[in-house]
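What follows is a set of notes on a single structure, which appears directly below.
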Amino acid sequence: MDQLSVAFSEFVMVGLQIMAALFIFAIGLLILWVIVSYVLDVTQTQQAIRRNYPVIGRFRYVFEHLGEFFRQYFFAMDREELPFNRAQRSWVYRAAKNVDSTVAFGSTDNIHGSGRTIFVNCTFPTLGEDAVPPQPVTIGTRCKHPYTTASIFNISGMSFGALSKPAIQALSAGAKEAGCWMNTGEGGLSPYHLEGGADIVFQIGTAKNGVRDLEGNLSDEKLVEVAAHPAVKMFEIKMSQGAKPGKGGMLPGEKVTAEIAAIRGIHIGENAFSPNRHVDISSFDDLLDMINRIRNVTGKPVGFKMVVGAPEQIDDLFNAVIKRDIESAPDFITVDGAEGGTGAAPMALIDSVGMSLRESLPIMVDKLKQYGLRDRIKIVASGKLVTPSAVAWALCAGADFIVSARGFMFSLGCIQALQCNKNTCPTGITTHDAKLQRGLHPMAKSVRVTSYVNNMVNEVGIIAHSCGVTSPRELNRSHARIVTGNGRTIGLNELFPEAETKP
């Protein structure tokens, strides 16, 4: 025993000596780092803070980065953050997890805030047994293959490339189960979009990924190949999007893998920056030509996505349609507001360009009625519509369908880390780093996608029943009031009176 005690004591002493040596070595490295950093800081001329406050000034950038996360979890109130506050994200998380989404002790929102929507509850609301689910709507009634769906809430354009493989797989499987459609985004049609079995809207971006020839021109042959998939129900020409009207898609080179490059027809590891507009569309007549070309080749409904800059643009479009005939009209228009923003974009565009959906959506619907095109063209609303109240407002304003991108990212587990434009998304949603993707299990997350859709439709229905109608599609402008600057409300039907059809 004495020998064991002596041996153990010697072992402990050696361990302590090693720890002491490592500690001294670490201190030495720290001192060396301080000295080197001091010399580098006082001699560099690019950053004034580091030059005036060597070594210490470096921590400013660390704290600035960490501040994003500390504000989110410790300092920001539930309704303060942008682009989405904690209350909005929490509702999506609870809906996706299919847990109780009720709250207690009153609203934490400012019900007197200017611009807020208040729904007009009915004295005699709709009884539960009288409620009916959303009725089917047909898009492209004049097409060879029209598309009929009852889904009011669908997945907006997010491409494979911007999103990871497991994220696309989860969205596809979840959309199939929920009965909603999924937009491919401008990155082309990947096997992962198809494997879940969901209805697909194929988006044609300015680079025409997936339907381009070797010179980058729109290819009828590729269109036929894509349209041959029964899951592909419609085609959407992307003219502009809320995050960056006037700027093309921006996929950083570090996210362009061999697989993504093959699907898009681009080079591995190189930045994939799409043109800021379709080079072969210089007028609304050109746009109508392309719409009709794609519709004739595929036999499926064709529409386009745009951010409205001014109401006169809509007049120009519909005048071009009327000059031809109603057959030449797009089958649908996706109206994206300046609130949109999943893609990487210059701050100048994301902050300051394009009309808000709150203004442009009612104007678009009114212009359709004014030109006698409301029955011909369906309206899809896009732009920060992630909660039941936002979706119900869009239905009141006149939308036929609603699509969301960031709402579905939250349903997958997005924590608003603001890393979408990099390859470092901590939840695996917008990264192609295999280690980070490992945390996103497609089948488990697909259930959350389905639950998000189902709970969204259910709660929009609750609002509709409170307003005295039997189904969400029956909501109209008389069912919503908008809070004005003095705290009083005005009816949405008064703010945007229904337009009369032109003779």
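The values are calculated or read from the model by the stated rules, or taken from the named source; none is laboratory data. The structure presented is a predicted model; accordingly, all values stated were derived computationally and were not measured. Virtual Cβ from ideal backbone geometry, glycine too; neighbours counted across all protein chains shown.
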Being more than 25 Å from residue 461 (Cα to Cα) and touching a residue at least 60 places away in the same chain (Cβ under 8 Å) is true for just one of 367, 384. Which residue is that? 367
Of all the residues that make up region 124-142, how many are at pLDDT 95 or above, in contact with a Ser or Thr (Cβ under 9 Å, 6 or more places away or on another chain) and not polar (S, T, N, Q)? 3
I'd like to check something: does region 391-399 contain any residue that is assigned to a helix (DSSP H, G or I), of a type in the set (Val, Ile, Thr) and either over 14 Å from the mean Cα position of the chain (by Cα) or assigned by TED's automatic domain parsing to the domain that holds residue 203 (or both)? yes
Residue check: is residue 453 outside any loop (DSSP other than H, G, I, E, B), among the aliphatic types (A, V, I, L, M) and crowded, with 21+ Cβ neighbours inside 10 Å? yes
Residue check, residue 170 farther than 21 Å from residue 135 by Cβ and more than 14 Å from the chain's Cα centre (by Cα): yes
One residue is enough: does region 472-487 have a residue meeting the conditions more than 16 Å from residue 393 (Cα to Cα), in contact (Cβ under 8 Å) with a residue 40 or more places away in the chain and touching a Gly at 6+ places or on another chain (Cβ under 8 Å)? no
Scanning region 146-163 for residues that are among the polar types (S, T, N, Q) and assigned to a strand (DSSP E or B), the one nearest to residue 135 (Cα to Cα) turns out to be 149
Please give the number of the condition residue 368 fails out of (1) closer than 27 Å to residue 291 by Cβ; (2) at pLDDT below 95. (2)
Residue ID - surrounded by the most Cβ atoms within 10 Å (Cβ to Cβ), chosen from residues in region 116-140 that are hydroxyl-bearing (Ser, Thr, Tyr) and more than 28 Å from the chain's Cα centre (by Cα): 126
For residues in region 400-424 being of a type outside the set (S, T, N, Q) and within 19 Å of residue 379 (Cβ to Cβ), which is nearest to the chain's Cα centre (by Cα)? 405
Which ranges mark the helices (runs of 4 or more DSSP H) fully within region 164-247 that have 2 or more residues being aliphatic (A, V, I, L, M) and touching a residue at least 60 places away in the same chain (Cβ under 8 Å)? 165-178, 220-227
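State the number of residues belonging to region 282-295 that are of a type in the set (S, T, N, Q) and farther than 15 Å from residue 326 by Cα.
Within region 282-295, residues that are of a type in the set (S, T, N, Q) and farther than 15 Å from residue 326 by Cα number 2.
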Go through region 262-300 and count every residue that is part of a loop (DSSP other than H, G, I, E, B), among the charged types (D, E, K, R) and touching a helix residue (DSSP H, G or I) at 6+ places or on another chain (Cβ under 9 Å). 3
Flag for residue 474 being modelled with pLDDT of 95 or more, over 24 Å from residue 96 (Cα atoms) and surrounded by fewer than 18 Cβ atoms within 10 Å (Cβ to Cβ): yes
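Looking at this structure, is residue 268 of a type in the set (A, V, I, L, M, F, W, C), under 21 Å from residue 382 (Cα atoms) and in the same structural domain as residue 403 (by TED's automatic domain parsing)?
Spelling it out, it is not the case that residue 268 is of a type in the set (A, V, I, L, M, F, W, C), under 21 Å from residue 382 (Cα atoms) and in the same structural domain as residue 403 (by TED's automatic domain parsing).
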Taking the condition touching a residue at least 60 places away in the same chain (Cβ under 8 Å), surrounded by fewer than 21 Cβ atoms within 10 Å (Cβ to Cβ) and among the acidic types (Asp, Glu), does residue 459 pass? yes
Output for region 20-60, where each listed residue is in a helix (DSSP H, G or I), at pLDDT below 85 and β-branched (Val, Ile, Thr): 49, 56
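Can you tell me which residue among 431, 387 is within 18 Å of the chain's Cα centre (by Cα), modelled with pLDDT under 95 and closer than 18 Å to residue 192 by Cβ?
Result: 431 is the single residue among 431, 387 that is within 18 Å of the chain's Cα centre (by Cα), modelled with pLDDT under 95 and closer than 18 Å to residue 192 by Cβ.
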Of residues in region 299-329 being of a type in the set (Val, Ile, Thr) and within 17 Å of residue 138 (Cα to Cα), the one surrounded by the most Cβ atoms within 10 Å (Cβ to Cβ): 302
Hey, does region 250-260 have a residue that's within 21 Å of residue 428 (Cα to Cα) and of a type in the set (Ser, Thr, Tyr)? yes
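Out of 72, 88, report the one residue that is modelled with pLDDT under 80, surrounded by 13 or more Cβ atoms within 10 Å (Cβ to Cβ), in a helix (DSSP H, G or I) and within 30 Å of the chain's Cα centre (by Cα).
Step by step, each of 72, 88 is checked, and only 72 is modelled with pLDDT under 80, surrounded by 13 or more Cβ atoms within 10 Å (Cβ to Cβ), in a helix (DSSP H, G or I) and within 30 Å of the chain's Cα centre (by Cα).
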